[in-house]
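The values are calculated or read from the model by the stated rules, or taken from the named source; none is laboratory data. Since this is a predicted model, take the numbers as computed values, not measurements. Don't worry about glycine lacking a Cβ; one is built from the backbone with ideal geometry, like all the others, and counts go over all protein chains shown. Just so you know, the surface numbers come from the protein's heavy atoms only, side chains and all, with ligands and any DNA or RNA stripped out. Shrake-Rupley method; radii C 1.70, N 1.55, O 1.52, S 1.80 Å.
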Amino acid sequence: MSQANGWTTPATLQWTPWASLADVVRGVGVPATPGLYRIRRASSGHLDYIGQTGAGAMTLRKRMAMLRGVYATEMPYRDPHTAAPALWALRDLGHEDFEASFAVVLGDTQWRKGLECVALAVHRQHFGFSPTVNFGRMPSGYRMSSGNNRTIVAAGRRFHGGRFGHAEASHTSGVPPVGPLGGHPTEPRWCGHGWSSWRPADTAIEASHPGLYRLRGAPGSGLAYVGEGAIGDRVRAHLAKVRAPNHVQGQLLGSLVPLEVSWVEGAWRSHQRLELENDLIAAHVLAEERPPVAQFLG
């Protein structure tokens, strides 16, 4: 997945000039292609959101149209765009407009998501924190709207969010990077973490302590997957996919058995683990010119 394939790489990623989001949501100057996008308030000096799109017929132009709710009177629902409620809250809080910029990405979905991780991780390395509302975060003082799918509507659980006087997990600050994005992905101090030794995945973990984990095949092979969550439960879920018929990720992991796992425990909140997982995927992309082979396959 290098430049020799004709795909966009971190070194060849080219962002368009900044444009008003109010124009962008109406399609003005937005490429009708897959790619990455970034959103900021010009006064903040850092980014508020980084995203990617391109699955199926979902172009950057169509994805940006899903942010029209940022300019609505009420906070928009969480779908069709998961960041719309938080961006609405930022605008309501500071009465500032946003700017957007785009980068066309040539390559498959797995590669495009890997480049999104790199863009987020580079921001984190530079500023010491993530874009404001990535990883499900909300500005303090606001509650996020519900989703808007058929199941939620039928259950009577759809609601508009807005100003909210109680603290929520989404208000908690993120965590800075633990270390630089260097080193080999199988090393014991990769990205600054103190990883456990490699052990057989089918016998290694009884308890389900929260943290980060990495999977590989035979010793000496590259990483198959990087993940976060309740470690034992997550590893057992991967092994269950290996036994499931016609599961894409399971089939790939099954070709690598016996799998080995290495992990690091930590008292991070869910969105903080997502930040650190993102850093690991980005570091793998930068080191190996691809995400782990089973990443982003469901």
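Key figures
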{"item": "Residue ranges of helices (runs of 4 or more DSSP H) in the stretch 84-190 with at least 1 members in contact with a helix residue (DSSP H, G or I) (Cβ under 9 Å, 6 or more places away or on another chain)", "result": "84-94, 109-127"}
{"item": "Qualifying residue in the stretch 156-169 (condition: under 19 Å from R273 (Cβ atoms) and either out of contact with any Phe, Trp or Tyr (no Cβ under 6 Å at 6 or more places or on another chain) or open to solvent by less than 30 Å² (accessible area, probe 1.4 Å) (or both))", "result": "yes"}
{"item": "Output for the stretch 182-213, where each listed residue is over 12 Å from E265 (Cα atoms), in contact with a Leu (Cβ under 9 Å, 6 or more places away or on another chain) and crowded, with 17+ Cβ neighbours inside 10 Å", "result": "P185, T186, W190, C191, A201"}
{"item": "Count - residues of the stretch 57-100 that are β-branched (V, I, T) and within 20 Å of the chain's Cα centre (by Cα)", "result": "2"}
{"item": "Helices (runs of 4 or more DSSP H) lying entirely in the stretch 206-298 (those with 3 or more residues that are touching a Cys at 6+ places or on another chain (Cβ under 7 Å) and under 22 Å from N134 (Cα atoms))", "result": "270-288"}
{"item": "Scan of the stretch 24-38 for residues that are open to solvent by 20 Å² or more (accessible area, probe 1.4 Å) and hydroxyl-bearing (S, T, Y), ordered by number", "result": "T33"}
{"item": "Qualifying residue in the stretch 44-65 (condition: small (G, A, S), within 22 Å of R157 (Cα to Cα) and out of contact with any Gly (no Cβ under 8 Å at 6 or more places or on another chain))", "result": "no"}
{"item": "Number of the condition not met by G192 [criteria: (1) touching a Cys at 6+ places or on another chain (Cβ under 8 Å); (2) of a type in the set (G, A, S); (3) free of Cβ contacts under 8 Å to residues at least 40 places away in the same chain]", "result": "(1)"}
{"item": "Residue in the stretch 39-60 that is within 24 Å of G182 (Cβ to Cβ), buried (at least 20 other Cβ atoms within 10 Å of the Cβ) and among the hydroxyl-bearing types (S, T, Y) present", "result": "no"}
{"item": "Of all residues making up the stretch 100-135, the number that are closer than 23 Å to M58 by Cβ and open to solvent by 50 Å² or more (accessible area, probe 1.4 Å)", "result": "5"}
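Let's see how each residue does on (1) surrounded by fewer than 16 Cβ atoms within 10 Å (Cβ to Cβ); (2) under 20 Å from G182 (Cα atoms):
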site	(1), (2)
R236	yes, no
A244	yes, no
Q249	no, no
L252	no, no
L259	no, no
L276	no, yes
L280	no, yes
H284	no, yes
